[in-house]
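To start, the structure under review is shown below, and the notes come after it.
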Amino acid sequence: MKIPTLNLLIVLLLACISCTSDDFTEPEIITTSDLKLSLENNRSTVNCNINLSQIPENSTVKIECLLDLKGKTIQLNSGINFEFDGGDIINGTLKFKGGSIDPKLLNHSLKITGDTQLKNGVLELEPSRWQILEGNVSNSQALQNRLNIEKAIKQTKDLKGNTLQIDNLDAFFNVIQVTHESNPNFYPWIEAINIPSNFNLQMTENTHLRVQPNSRAKYSLLSIYNSSNVTISGGNLYGERDEHTYKGNGSHEWGHVITLHGASDAKVLNVTMKNGSGDGLKIEDDKFSFHAKHRPSKNILVQGCTFDSNRRNNLSITGGQDIIVENNTFLKAGINTAKSQGIAPRFQIDVEPHRKRVNGQIVHYEKVNNVIIRNNKERQSTAGGFLVYTGENVTIENNDMTGGITYSYGVGTIIRNNILTSKKPNQGIGIKGGKGETKTISNNKIHGNTIKGFKIGITISSQDHKVFDNKINNCLTGITGKNIVDSEIYNNTISSTVSNSKGIFLHATTAKNLKIKNNKISTKGNPLVLNSLNQSFKQSNYLIKIINNEFRSQNVVFLFQAYAVNFENNDFTTGVEIRKSANLRFNKNLFDARNLYKHATEWRNYTKNIKLTNNQFYSKKSRRCLSMDSTIPKSVFIERGGNKYKRI
């Protein structure tokens with residue numbers, strides 16, 4: 001019987017078929033059970049004797065036997081489609097003109113050229129078929145492992161495929177050796193296992209990729225380098241911090257597990273990144289921001305990942321825009337192990353584009369803009385949880401943390417709706433905003449957070465902060481700050497039963513145009529302390545407004561050497577003690593010490609220049625509404641009137 005030459009289905013089985021013309025004799029049908037199968041990969045070891053060059057055009061060929069090309073290049077007719085059916089093609093080159101090939105037929109010894117494509121677009125990696133050896137191996141074999149996995153990726157990509165899937169694999173990869181002949185210099189993001197554009201690397205919990213131990217100061221296990229539309233998902237990826245050789249070339253803090261270098265539209269999903277000698281994940285731009293060929297990393301999603309025990313930071317963002325980091329777990333950043341010491345900064349997340357002053361002007365070598373860090377869990381940090389050292393429009397929200405949040409020179413930073421619980425009572429800082437006296441900090445907000453058990457709940461420095469709607473519980477100090485300018489602290493609830501705890505505490509500092517309003521404060525110690533505030537003559541025009549607050553405590557509100565403060569409409573259900581202070585105004589406040597064995601107010605140590613108007617004072621009969629020592633002159637009140645006094 002003759003079989004048509006078009007749309008021919010050729011069944012290549014145990015029978016040897018010699019194709020010498022367009023007329024074919026129908027082959028004998030042999031079942032799979034008749035074939036001898038390799039125990040290693042469940043493939044047939046029965047040899048085929050096929051003349052591939054004479055397969056008719058547009059035929060579909062099922063490979064059920066072993067076809068050894070013996071190093072030859074075979075030119076195929078147009079439209080040939082190869083399907084896997086238990087066989088194999090090895091040791092040679094197939095040159096296509098259209099058609100397709102089943103990904104299960106690909107291996108390290110088969111080269112595909114011409115115009116064809118991968119059936120279904122997905123290659124499932126079988127390590128033995130790509131000569132990737134598992135377990136401890138030599139440096140040369142670890143290098144071959146890297147080259148072979150990249151070969152599998154390239155083969156898939158060249159055949160118009162878009163996905164490499166890896167399941168059972170536990171192997172080391174040499175990522176420190178220069179293999180690109182065009183450039184003899186070492187670049188870690190190039191010598192890593194590179195994932196190209198429009199590609200997915202899919203791994204499972206059974207996948208373990210490891211950096212071969214080395215002495216390089218820099219490396220990266222995986223890299224997305226100047227590529228777009230890339231997804232890395234699943235798997236367990238390991239650096240080699242405990243096996244690393246730390247000699248020469250500085251701190252060796254740049255060995256990263258994954259690097260996104262000039263990547264765009266990239267996703268890192270459900271990946272575990274551990275034990276890098278530097279970072280778990282580094283996101284950075286290609287070239288400085290002012291370079292003509294600058295390429296930022298942008299539109300990045302890091303989701304569902306676990307970062308654990310990386311030596312420097314778990315995640316660093318030094319360049320990029322439009323980045324989302326969500327639903328991840330961050331553990332033990334920068335910790336010391338039995339074999340290697342952590343190295344600064346040692347944060348779970350560090351947003352830190354490089355900038356410096358040149359001739360008095362700030363030059364941004366790198367930039368970070370529009371980052372959202374949300375719904376993450378953070379535990380066991382060394383230096384702290386999340387840090388925004390510099391950067392613009394970074395939002396940190398809805399995270400569950402123990403390590404605290406810091407922004408130093410942020411612009412447009414938002415820290416909101418996080419739960420921060422100190423890992424040890426009365427230690428560390430929940431949220432720290434600002435640094436030094438600088439005009440490069442602006443438009444930062446801290447709100448809606450719940451902060452528990454820290455030494456300091458919130459501290460702010462420099463200018464343009466809004467701190468509001470936070471709940472601060474059992475911290476030794478609720479809110480404090482240094483050299484605060486043009487800022488507001490409002491609608492916060494501060495409560496603490498910790499011994500000597502303070503509510504709002506400003507000490508040895510300045511505050512200019514600071515508003516403290518509508519806060520509810522109840523503490524075991526002083527609910528408000530202003531100590532050595534605005535003392536310099538140059539600060540005589542500075543002003544703090546304290547409005548509509550509730551202060552509750554068995555201890556006093558305490559002012560010592562405090563200057564330029566206006567109190568209005570506050571409820572002091574506590575005593576108030578004022579020492580060596582001046583230029584204060586009290587208007588429409590309630591001073592209620594009826595339930596305390598204290599004076600409603602005490603004036604001591606040459607306090608002067610006080611305006612006292614329209615206030616209400618209550619005290620026990622055994623105490624006073626206004627108690628003044630002998631240093632207070634009658635002229636202490638430069639304005640006084642409309643006040644009501646009652647001793648009960």
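The values are calculated or read from the model by the stated rules, or taken from the named source; none is laboratory data. Keep in mind that what you see is a predicted model, and the values were worked out from it rather than measured. Glycine gets a Cβ as well: all are built from the backbone with ideal geometry, and neighbour counts include every protein chain shown. Calculation scope for accessible area: heavy atoms of the full protein, side chains included, ligands and nucleic acids excluded. Shrake-Rupley method; radii C 1.70, N 1.55, O 1.52, S 1.80 Å.
For region 146-179, the set of residues classified as open to solvent by 60 Å² or more (accessible area, probe 1.4 Å) and in contact with a helix residue (DSSP H, G or I) (Cβ under 6 Å, 6 or more places away or on another chain) consists of ASN162, GLN177, listed by residue number.
ILE30 meets the conditions (1) at pLDDT below 95; (2) more than 28 Å from LEU147 (Cβ to Cβ); (3) open to solvent by 70 Å² or more (accessible area, probe 1.4 Å) in every case but one. The failed one is (3).
Considering the conditions (1) modelled with pLDDT under 95; (2) closer than 19 Å to PRO345 by Cα; (3) touching a Phe, Trp or Tyr at 6+ places or on another chain (Cβ under 8 Å), GLY250 is excluded by exactly one of them, (3). The sole residue among LYS439, LYS432, LYS445, LYS424 that is under 24 Å from the mean Cα position of the chain (by Cα) and more than 22 Å from ILE373 (Cβ to Cβ) is LYS424.
Of all the residues in region 307-337, those that are under 11 Å from the mean Cα position of the chain (by Cα) and either under 22 Å from GLU243 (Cα atoms) or at pLDDT below 95 (or both) number 4.
For region 437-457, the candidate set comprises residues that are open to solvent by less than 40 Å² (accessible area, probe 1.4 Å) and not β-branched (Val, Ile, Thr); within that set, the residue that is nearest to ILE494 (Cα to Cα) is GLY457. Under the condition of being surrounded by fewer than 24 Cβ atoms within 10 Å (Cβ to Cβ) and in a strand (DSSP E or B), the residues counted in region 239-265 number 3. In region 322-430, which strands (runs of 3 or more DSSP E) lie fully inside it and hold 2 or more residues that are in contact with a Ser or Thr (Cβ under 8 Å, 6 or more places away or on another chain)? Passing ranges, in order: 329-331, 347-351, 361-364, 368-374, 377-379, 384-397, 405-411, 414-416, 419-421. Say whether the condition of being in contact with a Pro (Cβ under 6 Å, 6 or more places away or on another chain) and either open to solvent by less than 40 Å² (accessible area, probe 1.4 Å) or not aliphatic (A, V, I, L, M) (or both) is met by at least one residue in region 95-104. Scanning region 95-104, I find no residue that is in contact with a Pro (Cβ under 6 Å, 6 or more places away or on another chain) and either open to solvent by less than 40 Å² (accessible area, probe 1.4 Å) or not aliphatic (A, V, I, L, M) (or both), so the answer is no.
Within the bounds of region 414-424, is there any residue that is farther than 30 Å from SER499 by Cβ, open to solvent by less than 70 Å² (accessible area, probe 1.4 Å) and in contact with a Lys or Arg (Cβ under 6 Å, 6 or more places away or on another chain)? Checked against the condition, which is being farther than 30 Å from SER499 by Cβ, open to solvent by less than 70 Å² (accessible area, probe 1.4 Å) and in contact with a Lys or Arg (Cβ under 6 Å, 6 or more places away or on another chain), region 414-424 yields at least one hit. Note on region 435-479: residues that are at pLDDT 95 or above, farther than 21 Å from GLY525 by Cα and either of a type in the set (Asp, Glu) or part of a loop (DSSP other than H, G, I, E, B) (or both) amount to 5. Is one or more of the residues making up region 282-297 crowded, with 24+ Cβ neighbours inside 10 Å, under 14 Å from the mean Cα position of the chain (by Cα), of a type in the set (Val, Ile, Thr) and within 23 Å of GLU397 (Cα to Cα)? Checking region 282-297: at least one residue is crowded, with 24+ Cβ neighbours inside 10 Å, under 14 Å from the mean Cα position of the chain (by Cα), of a type in the set (Val, Ile, Thr) and within 23 Å of GLU397 (Cα to Cα). Open to solvent by 40 Å² or more (accessible area, probe 1.4 Å), more than 20 Å from THR259 (Cα to Cα), touching a Ser or Thr at 6+ places or on another chain (Cβ under 8 Å) and not small (Gly, Ala, Ser): does that describe ASN198? So ASN198 fails the test.
Check every one of the strands (runs of 3 or more DSSP E) wholly within region 548-648 and list those with 3 or more residues that are open to solvent by less than 20 Å² (accessible area, probe 1.4 Å).
Output list reads 557-568, 582-587, 608-613.
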